[in-house]
Amino acid sequence: DAATAPAPVAAVSQYACQRRTTTENNNKIFTDAFEVLAEFYEFNEVEGPCLAFRRAASVLKSLAWSVRRLGATEGLPCLGERSKSVMEEILQSGRSFEVEKILSDERYQTLKLFTSVFGVGPKTAEKWYRRGLRSFSDILAEPSIHLNRMQQSGFRHYGDISRAVSRAEARALGNIIDEAVRAITADGAAALTGGFRRGKEFGHDVDFIVTTPEVGREDRLLTDIIESLKQQGILLYCDYQASTFDQSKLPSHKFEAMDHFAKCFLILRLDCSRVDGGLNSVEGDSRGWRAVRVDLVSPPVDRYAFTLLGWTGSRQFERDLRRFARSERRMLLDNHALYDKTKKEFLAATTEEDIFAHLGLEYIEPWQRNA
Ligand code: CTP
Ligand code: MN
Ligand code: MN
Ligand code: MN
């Protein structure tokens, strides 16, 4: 049960990377509302308010107490007039008129539905919406629409991959990837990253970093793993992207640039017999298997720590790490490297702790990065 007395609010940083945020969210009624508002602005490509609501939600998630009256938020960073008025409304009536209006809006509902398909982003969803399409059957019945391979798989496995992945299922997939790596090279390794590394009980996919101590062999490692999964008959979909990594390039200025390492976005067939306690789906259990989304990334081993930090997330935590590095330290950070603009040099790291130390930040454990 959360304490109601506010902690000294002056201690809360505007940067998620200076806060400890576990999976326990004491302010879900507010953060759920902010997430809807942020998504609404994201669909309308209005970046300012979108980011503002995401930052506000992130601050509330870090609190060890529940906000019971607006006065308690005094001194907290990132809570603007708009966020506060939404909170006020929720405190008074248990709901926000603005949020309810969005939730019942046809455009929002349709974009939300379309973007829930693997391979469909806001741009495509918007295009379909403008053509008058409102449901999956509308899309699938429209002869002039060409679905790419990713979207075809997204529709084919929609039921399975829109269902949450459990920790037991993530563990089973970990064993599968681990076995594949070890069969290829005895000194290779697979490490769980993403939401499950942060201690989440459920995820929308399972993320792994695969490595070999031999620099330059990482591309081959990934294609060999894919071949092994195919041989096992469990590869349902594979989008492989070869490395375009250039070590002389400075880290990206953009907050959310994709990294350049070899990676793949997969859909795997997970058999019930491999999962302790069975699959996280009644339907899947009777069939004996379910489809699961899996992401693999394979950086050169000297970039392992940067990739681990970048892929562990959360997205908000990553955004603020980069913003902190740039604004407070004149450094550039991304999934590949850390660059000091004052010294004009790259700062090497073999562990995540090294990176936090270079940035002059207290180390934040993975399970405290649920910003
Ligand atoms: N990521 C990245 N580059 C990519 C894909 C993902 O840097 N090409 C990072 C994201 O920024 C995120 C982390 O990898 O911090 C995990 O991404 P994702 O699987 O989408 O989210 P999770 O936090 O794992 O949450 P979920 O349970 O929904 O999967
Ligand atoms: Mn994930
Ligand atoms: Mn996600
Ligand atoms: Mn992922």
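The values are calculated or read from the model by the stated rules, or taken from the named source; none is laboratory data. The model shown is predicted, which means the values in this text are computed figures rather than measured ones. Here the Cβ is made from the backbone with ideal geometry for all residues, glycine too, and neighbour counts use every protein chain on show. Ligands, DNA and RNA are stripped out before the accessible areas are found, and what is left, the full protein with its side chains, is counted by its heavy atoms. Shrake-Rupley method; radii C 1.70, N 1.55, O 1.52, S 1.80 Å.
In this simple spin-label model, placing a label point 7 Å from the Cα along the Cα-to-Cβ direction at both A186 and E24 gives a separation of 4.6 nm.
Extent along the principal axes, Cα only, for the range 308-368: 32, 23, 20 Å, with the longest axis given first. When the chain is treated as a GNM, springs tying every alpha-carbon pair under 10 Å, which of F317, F265, F208 comes out with the largest mean-square fluctuation? Taking springs between Cα atoms under 10 Å, the residue moving most is F265.
In this simple spin-label approximation, R156 and K343 carry label points 7 Å from Cα along the Cα→Cβ vector, and these lie 5.0 nm apart. Distance between the C-alpha centres of the range 191-221 and the range 56-113: 34 Å, rounded to the whole angstrom. In the range 308-368, the portion of solvent-accessible area held by carbon and sulfur atoms comes to 48 percent [1.4 Å probe, whole percent, DNA, RNA and ligands not counted].
Computed on the chain, with alpha-carbon pairs under 8 angstrom and 6+ residues apart, the relative contact order is 18 percent. The local environment of V215, defined by Cβ-Cβ distances under 15 Å, has a net charge of -3 under the rule Lys, Arg +1 and Asp, Glu -1. Ordering 299-310, 331-342 by mean Cβ neighbour count within 10 Å, with the highest value first, yields 299-310, 331-342.
The chain has equivalent-ellipsoid semi-axes of 33, 29, 20 Å, by the square roots of 5 times the alpha carbon gyration tensor eigenvalues, sorted largest first.
In the neighborhood of W128, defined by Cβ-to-Cβ distances under 14 Å, what is the net charge if each Lys or Arg adds +1 and each Asp or Glu adds -1?
So the surrounding residues net to +3.
When the chain is fully extended, how far beyond the present Cα-Cα distance does E89 get from H253, taking 0.36 nm per residue of separation?
Between E89 and H253, full extension yields 55.3 nm more.
What is the calculated FRET efficiency for K123 to Q232, with r their C-beta to C-beta distance and R₀ = 45 Å, to the nearest 0.05? The formula returns an efficiency of 0.80 here. If you take all other residues with their beta carbon under 12 Å from the beta carbon of L63, and give Lys and Arg +1 and Asp and Glu -1, the sum is +4.
Show me the GluC sites (Glu not before Pro) within the range 56-161 that DSSP assigns to loop and that have at most 14 other Cβ atoms within 10 Å of their Cβ. Don't skip to the answer; put the middle values down first.
Values: sites: E74, E81, E88, E89, E98, E100, E106, E126; in loops: E74.
Of the GluC sites (Glu not before Pro), the ones in loops of the range 56-161 whose Cβ has at most 14 other Cβ atoms within 10 Å are E74.
Annotation: per residue accessible area for the range 27-85 equals 45 Å², rounded to a whole number [probe 1.4 Å, protein chains only]. Simple spin-label estimate for R167 and E98 gives 3.6 nm between the two label positions (7 Å along the Cα-to-Cβ direction from each Cα). Taking only the Cα atoms of the range 163-261, the ratio Rg/Rh comes out at 0.98, with Rh defined as the Kirkwood radius.
Listed values for the range 178-185 are Karplus-derived 3J(HN,Hα) couplings in whole Hz (6.51 cos²θ - 1.76 cosθ + 1.60, θ = phi - 60°), namely 4, 4, 4, 4, 5, 6, 7, 8, and x replaces Gly and Pro. Residue-wise HN-Hα couplings along the range 298-309, as the Karplus relation 6.51 cos²θ - 1.76 cosθ + 1.60 with θ = phi - 60° gives them from phi, are 10, x, x, 4, 6, 10, 3, 4, 5, 5, 4, 4 Hz; Gly and Pro carry x. The calculated FRET efficiency for D302 paired with E74, based on their beta-carbon distance and R0 = 45 Å, is about 0.45. Distances between placed amide hydrogens fall under 5 Å for N280 paired with S166, all partners being 5 or more residues away or on another chain.
Stretch H146-W367 to full length: gain in nm at 0.36 nm per residue minus the Cα-Cα span?
75.4 nm
Our coupling estimate for the range 265-272, obtained by passing each phi through the Karplus curve with A = 6.51, B = -1.76, C = 1.60 and θ = phi - 60°, is 10, 10, 10, 10, 8, 10, 7, 3 Hz, Gly and Pro reported as x.
Solvent-accessible area of the range 106-156 (1.4 angstrom probe, protein heavy atoms only): carbon and sulfur portion equals 51 percent.
Taking a point 7 Å from the Cα of W65 along the Cα-to-Cβ direction, the residues of the range 9-46 with backbone N closer than 14 Å to it are 9-12, 26-27. FRET efficiency for the pair R287 and E201, taken as 1/(1 + (r/R0)^6) with r the Cβ-Cβ distance and R0 = 30 Å, rounds to 0.80.
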